[in-house]
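The structure under discussion appears below in the form of C-alpha cells.
The values are calculated or read from the model by the stated rules, or taken from the named source; none is laboratory data. The structure presented is a predicted model; accordingly, all values stated were derived computationally and were not measured. Here Cβ is always computed from backbone atoms with ideal geometry, including for glycine, and neighbour counts include all displayed protein chains.
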Amino acid sequence: MLHYLDQGPSAAAPLVILHGLFGTLDNWQSLARRWADEAGLRVVSVDLRNHGRSFHAPEHSYAALAADVLAVLDHLALGADRLTVLGHSMGGKVAMRLALDQPARLARLVVLDIAPRASDMAHQAPIVAGLRALDPATVSSRAAAEAALAAAIPQADVRQFLLKNLYRQADNSFAWRFNLPVLAGALAAIGEAVSGPRPFLKPALFVRGGRSDYVTADDKLYGIPALFPNSQVVTVPEAGHWLHAERPQAVFELVRAFIGDAA
C-alpha cells in the first residue's frame, strides 16, 4: 500500500493528489490543507511508488503506478460519484492513465502542466547525473549536499526541491527517500505517452503554466481533446512547470471552482 495522508471531513467529496517526479506528498501540503479547510474536501495526498515514504520496487511504469493508486481508492472505499483525481507532471500522467483505464472509478480529472503525449526526458539527465554523483551518506549537512549538487544543478529552486527528499537515517547519516537507481533507469518509461482503450468522457481540467512548454498549442487543440473530449485547458500566467508552488492561489481557486457543487 502506498503511503498517503488523509485529511478533511471523511464524508466530503474526495480529492486525491499525485505528485511529480522526485516529489512527495509533502510538496502539496499547503494546498491540500486549504482544499480540506477552506473548500471542505476530503483530501488524500499520495506518495507514489519509489518516492517519499512509499515502497521501493523495480518496476516504474504507468500501468503499475495507476494500479497502486487504484489500490488506495479501494482501501479507502472512495466513491466514484464525487471523486476528483489530480496529478502534476508524472503524477498527471498517472492520473490520466487511471482515468483512461478505469473511467468508472472517478468523476473528474485535473492535470497540471503535462500532456498525454510522449515527453522528452533529456532535461532530466543533468539532474540525474548530479544526484548520482552525490553519495548522501558522505555529507554532513544539507548545506554540504546542496553545495555538492550546485555544479550539476545550477538552479537553486530545483536543488531545494530535490533536497526535500534528503533525510537522516537511524545512524544519523543522510539518504534519499526516492529510489534513485530505479527512477534513473525508468526515465524513458516516465516520458512515455499515455493512452487507453477509449477516451475519458467525464469532465477534465488541464492547467498549464504560461512560462512552461510542457503543454503546447498542438496538445491543447489535438492531443488532449482526442483522449479527453470533455476537457478544458487553462493557462496560469507568469507560472512555470511548478505552477502550484509559484501561483498557489490561482491553482487553489481553479480546482475549487472545477469541483464546485460536488463538494
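Output the residue which, of all residues in the range 62-84 that are assigned to a loop (DSSP other than H, G, I, E, B) and closer than 20 Å to ALA204 by Cα, is nearest to the chain's Cα centre (by Cα).
Checking each candidate, the answer is LEU83.
Looking at the range 107-114, can you tell me whether even one residue there is closer than 21 Å to ALA32 by Cα, surrounded by fewer than 21 Cβ atoms within 10 Å (Cβ to Cβ) and of a type in the set (Gly, Ala, Ser)?
yes
Within the range 85-114, which residues are part of a helix (DSSP H, G or I) and of a type in the set (Asp, Glu)? Full working, then the answer.
Going through the range 85-114, the residues part of a helix (DSSP H, G or I) turn out to be 90-101, 103-105.
Matches in the range 85-114: ASP101 only.
Where residues in the range 163-177 are free of Cβ contacts under 8 Å to residues at least 24 places away in the same chain and aliphatic (A, V, I, L, M), which of them is surrounded by the fewest Cβ atoms within 10 Å (Cβ to Cβ)?
If we take residues in the range 163-177 being free of Cβ contacts under 8 Å to residues at least 24 places away in the same chain and aliphatic (A, V, I, L, M), then ALA170 is surrounded by the fewest Cβ atoms within 10 Å (Cβ to Cβ).
Can you tell me which of VAL72, VAL46 is closer than 16 Å to LEU112 by Cβ and aliphatic (A, V, I, L, M)? Working first, answer last.
Values: VAL72 fails: closer than 16 Å to LEU112 by Cβ.
One residue alone meets the criteria, VAL46.
List the pairs whose first member sits in the range 237-254 and is more than 11 Å from VAL207 (Cβ to Cβ), whose second member is of a type in the set (Asp, Glu) and assigned to a loop (DSSP other than H, G, I, E, B), and whose Cβ atoms are under 7 Å apart, counting only residues at least 6 apart or on separate chains?
Sorted first by the residue in the range 237-254, then by its partner, the pairs are HIS241/ASP113.
This table checks each residue for (1) at pLDDT 95 or above; (2) touching an Asp or Glu at 6+ places or on another chain (Cβ under 7 Å); (3) assigned by TED's automatic domain parsing to the domain that holds GLN29; (4) assigned to a loop (DSSP other than H, G, I, E, B).
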site: GLN160; (1), (2), (3), (4): no, no, no, no
site: PRO181; (1), (2), (3), (4): yes, no, no, no
site: SER195; (1), (2), (3), (4): no, no, yes, yes
site: LEU201; (1), (2), (3), (4): yes, no, yes, yes
site: PHE206; (1), (2), (3), (4): yes, no, yes, no
site: ASP219; (1), (2), (3), (4): yes, no, yes, no
site: PRO229; (1), (2), (3), (4): yes, no, yes, yes
site: VAL234; (1), (2), (3), (4): yes, no, yes, no
site: GLN249; (1), (2), (3), (4): yes, no, yes, no
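Got at least one residue in the range 204-212 being among the hydrophobic types (A, V, I, L, M, F, W, C) and over 18 Å from LEU15 (Cα atoms)?
no
Filter the range 115-162 down to residues that are surrounded by fewer than 18 Cβ atoms within 10 Å (Cβ to Cβ) and basic (Lys, Arg), then give me how many there are.
2
Please list, ordered by first then second residue, the pairs with beta carbon atoms under 6 Å, 6 or more apart or interchain, first in the range 119-147 and closer than 12 Å to ALA184 by Cβ, second assigned to a helix (DSSP H, G or I).
Listed by first residue and then by second, the contacts come to MET121/LEU187; GLN124/LEU187; VAL128/ALA184; GLY130/LEU149; LEU131/LEU180.
What's the number of the only condition in (1) out of contact with any strand residue (DSSP E or B) (no Cβ under 7 Å at 6 or more places or on another chain); (2) part of a strand (DSSP E or B) that VAL43 fails to meet?
(1)
Quick check, is ILE153 in contact with a Gly (Cβ under 7 Å, 6 or more places away or on another chain) and under 30 Å from LEU83 (Cβ atoms)?
Spelling it out, it is not the case that ILE153 is in contact with a Gly (Cβ under 7 Å, 6 or more places away or on another chain) and under 30 Å from LEU83 (Cβ atoms).
How do the pairs read when you match residues in the range 1-24 that are at positive phi with residues anywhere that are at pLDDT 95 or above and assigned to a strand (DSSP E or B), using Cβ under 7 Å and keeping only pairs 6 or more apart or on different chains?
Matching pairs, first to second residue: GLY8/ARG42; GLY8/VAL43.
So for the range 44-64 (the condition being buried (at least 21 other Cβ atoms within 10 Å of the Cβ) and of a type in the set (D, E, K, R)), does at least one residue qualify?
Yes, because at least one residue in the range 44-64 is buried (at least 21 other Cβ atoms within 10 Å of the Cβ) and of a type in the set (D, E, K, R).
Quick one: how many residues across the range 115-156 are of a type in the set (A, V, I, L, M), part of a helix (DSSP H, G or I) and under 21 Å from the mean Cα position of the chain (by Cα)?
The initial filter retains those residues of the range 115-156 that are of a type in the set (A, V, I, L, M), namely 115, 118, 121-122, 125, 127-129, 131, 133-134, 137, 139, 143-145, 147-153, 156.
Checking which are part of a helix (DSSP H, G or I) leaves us with 121-122, 125, 127-129, 131, 133, 137, 143-145, 147-149, 156.
Checking which are under 21 Å from the mean Cα position of the chain (by Cα) leaves us with 121-122, 125, 127-128, 131, 156.
Residues that pass the stated criteria total 7.
Does MET90 fit the bill of being buried (at least 21 other Cβ atoms within 10 Å of the Cβ), at pLDDT 95 or above, in contact with a Pro (Cβ under 7 Å, 6 or more places away or on another chain) and not charged (D, E, K, R)?
Working: buried (at least 21 other Cβ atoms within 10 Å of the Cβ): yes; at pLDDT 95 or above: yes; in contact with a Pro (Cβ under 7 Å, 6 or more places away or on another chain): no; not charged (D, E, K, R): yes.
Spelling it out, it is not the case that MET90 is buried (at least 21 other Cβ atoms within 10 Å of the Cβ), at pLDDT 95 or above, in contact with a Pro (Cβ under 7 Å, 6 or more places away or on another chain) and not charged (D, E, K, R).
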